[in-house]
Amino acid sequence: MSQENILIIGAGGQIGVELTAALRKIYGDAHVVASDLKDEPHPLLKDKGPYEKIDAMKKRQIVEVIKKYGITQIYHLAAILSATGEMRPNWAWGINMNSVLLLLEIAREKKLKKIYWPSSIAVFGPTTPKQNTPQKTIIEPTTVYGISKYAGEQWCQYYFDKYKIDVRSIRYPGLISYKSHPGGGTTDYAVDIYYKALADKKYTCFLAEDTYLPMLYMPDAIRGTIELMEASADKLSTRMGYNLSGMSFSPKEITASIQKHIPDFTIDYAPDFRQAIANSWPQSIDDAVAQKDWNWKAAYDLDKMTDDMLKNLKK
Ligand code: NAD
Ligand code: AKB
């Protein structure tokens with residue numbers, strides 16, 4: 001097998017920190033270049049492998065790093081997430097859309113072997129079936145983030161069909177993790193709640209108690225991403241984002257799960273503008289296509305995740 005050299009754009013974020021570490025275990029520290037807008041790598045990535053400051057909108061910077069390290073694959077994680085996006089829609093559209101188009105064009109020009117660009121359950125909108133949302137269904141997103149993710153998916157399929165660019169994508173649900181903080185999404189409450197449960201034994205949730213959303217624990221998300229990237233290209237039936245399911249719960253249910261460990265933990269509710277975003281998304285996801293194409297299966301349910309989150313955050 002020839003040596004792969006991987007560039008991760010947006011490596012300082014919630015997914016990037018853990019994905020960089022996981023890819024370094026597989027490919028070797030020197031062969032996985034972390035990059036972000038930030039001057040310094042995330043503390044968990046410091047002195048663990050190469051780091052470059054890159055703006056995902058600047059072609060020259062990306063091309064220089066491709067040349068410097070002989071990059072063969074790019075994982076492009078930089079994006080503006082749903083809640084931040086709704087506050088500054090034009091800016092979010094510019095970054096989310098232009099950066100994925102730039103990535104696809106660079107992959108074509110530089111003949112990269114493979115690229116990864118994540119999508120989201122935010123592609124779905126209020127007209128989508130809410131339960132067990134299938135891979136192919138009505139897709140009419142109502143957030144700028146969701147519109148940019150759906151347009152990005154279509155561009156990925158286009159570059160695959162027209163130029164045979166080996167691009168792969170997952171529609172992540174809300175991701176829950178303890179190593180790096182989430183960056184401005186609607187599902188962030190399901191991370192914040194664990195921190196607050198341990199620190200203050202109380203939490204004010206910005207979503208209503210019965211708001212069900214699809215979620216996935218980060219170890220499953222990282223494993224799924226790597227499994228998709230390692231899958232044989234001829235097994236993949238779509239170059240748009242794969243639906244991926246882990247679990248589905250409401251603020252009330254995650255509270256009950258935490259109370260099994262911290263019985264005096266309490267929650268109250270003060271829904272804000274993020275409630276409308278959550279209401280527009282599915283409540284659970286059907287990932288039969290990912291199961292069939294590349295054997296996807298989540299390992300964590302809500303209680304297993306709560307055990308692991310609290311154990312690690314206590315450290
Ligand atoms: P994040 O906000 O935590 O991290 C994004 C990183 O990108 C940050 O470190 C930020 O500094 C960097 N960045 C922003 N603009 C940049 C630019 N112009 N150039 C270079 N870097 C830039 O996001 P995340 O949660 O790690 O998400 C990564 C990807 O996964 C995004 O595409 C996101 O839409 C997608 N996704 C995430 C979730 C989730 O729950 N975390 C769910 C669905 C999809
Ligand atoms: C968000 O809430 O914006 C993200 C996502 C589901 O894409 N976590």
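The values are calculated or read from the model by the stated rules, or taken from the named source; none is laboratory data. From a predicted model like this one, the values you see are computed outputs, not experimental measurements. No Cβ is skipped: glycine too gets one built from the backbone with ideal geometry, and neighbour counts run over all protein chains shown.
Observations on the model:
- Subset of the stretch 201-235 that is in a helix (DSSP H, G or I) and among the β-branched types (Val, Ile, Thr) - its residue that is farthest from Lys164 (Cα to Cα): Ile222
- Thr187 more than 9 Å from ligand 1 (Cβ to nearest atom), within 17 Å of Pro251 (Cβ to Cβ) and either surrounded by fewer than 22 Cβ atoms within 10 Å (Cβ to Cβ) or not small (Gly, Ala, Ser) (or both): no
- Residue in the stretch 30-37 that is at pLDDT below 95, over 19 Å from the mean Cα position of the chain (by Cα) and more than 10 Å from ligand 1 (Cβ to nearest atom) present: no
- Residue match in the stretch 120-140 (condition: over 18 Å from the mean Cα position of the chain (by Cα), of a type in the set (A, V, I, L, M, F, W, C) and either within 12 Å of ligand 1 (Cβ to nearest atom) or over 22 Å from Ser284 (Cα atoms) (or both)): no
Results for (1) buried (at least 20 other Cβ atoms within 10 Å of the Cβ); (2) within 16 Å of ligand 1 (Cβ to nearest atom); (3) within 16 Å of the chain's Cα centre (by Cα), shown as yes or no for each residue.
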{"residue": "Glu4", "(1), (2), (3)": "no, no, no"}
{"residue": "Gly12", "(1), (2), (3)": "yes, yes, yes"}
{"residue": "Ile15", "(1), (2), (3)": "yes, yes, yes"}
{"residue": "Leu19", "(1), (2), (3)": "yes, yes, yes"}
{"residue": "Leu23", "(1), (2), (3)": "yes, yes, yes"}
{"residue": "Gly28", "(1), (2), (3)": "no, no, no"}
{"residue": "Asp39", "(1), (2), (3)": "no, yes, no"}
{"residue": "Pro50", "(1), (2), (3)": "no, yes, no"}
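- Which listed residue is farther than 24 Å from Tyr269 by Cα, within 16 Å of ligand 2 (Cβ to nearest atom) and not in a loop (DSSP other than H, G, I, E, B), from Ile147, Ile193: Ile147
- Hits in the stretch 1-37 - residues which are hydroxyl-bearing (Ser, Thr, Tyr) and more than 17 Å from Glu227 (Cα to Cα): Ser2, Ser35
Condition check ((1) assigned by TED's automatic domain parsing to the domain that holds Ala199; (2) buried (at least 19 other Cβ atoms within 10 Å of the Cβ); (3) farther than 26 Å from Tyr195 by Cβ; (4) in contact (Cβ under 8 Å) with a residue 60 or more places away in the chain) across all residues:
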position	(1), (2), (3), (4)
Lys235	no, no, yes, no
Thr238	no, no, yes, yes
Pro251	yes, yes, no, yes
Ile254	yes, yes, no, yes
Ile258	yes, yes, no, yes
Thr266	yes, no, no, yes
Ala278	yes, yes, no, yes
Met305	yes, yes, no, yes
Asp308	yes, no, no, yes
